[in-house]
Amino acid sequence: MGQSIFGQFSLLVTLAFALPAMAAGVDLFFVQGNTTWGGALIGIGVLMILMEKYVDNPFDAGSIVGETVVEAAVKEPDEGEDEQ
């Protein structure tokens, strides 16, 4: 299914910020040998694009992470187990 005009514009704006950061990160990482800052800039650019694609509302990011952590940490009791 296609995106709306607003969705396409939002992706374009995100790419306008993410791609220069990633280009600077590639330059720092591969050309200048500064792996820390280069890797950080590449990661930030990728994170910006993934957030645009998978998170509908910026405030949803915290709840998504929280739900994942809680599901990993807390085990639901089985229905057959007796609680004593």
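The values are calculated or read from the model by the stated rules, or taken from the named source; none is laboratory data. All values derive from a computational prediction rather than experimental measurement. All Cβ positions, even for glycine, are placed from backbone atoms using ideal geometry, and neighbour counts span all protein chains on display.
So here's what we get for this one:
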{"read-out": "Among (1) at pLDDT 85 or above; (2) not in a helix (DSSP H, G or I), the one test that K75 misses", "value": "(1)"}
{"read-out": "Number of positions in segment 33-66 that are modelled with pLDDT of 85 or more and assigned to a helix (DSSP H, G or I)", "value": "18"}
{"read-out": "Every residue from segment 10-29 that is at pLDDT below 90 and surrounded by fewer than 14 Cβ atoms within 10 Å (Cβ to Cβ)", "value": "S10"}
{"read-out": "Test: residue in segment 46-60 that is hydroxyl-bearing (S, T, Y) and more than 14 Å from the chain's Cα centre (by Cα)", "value": "no"}
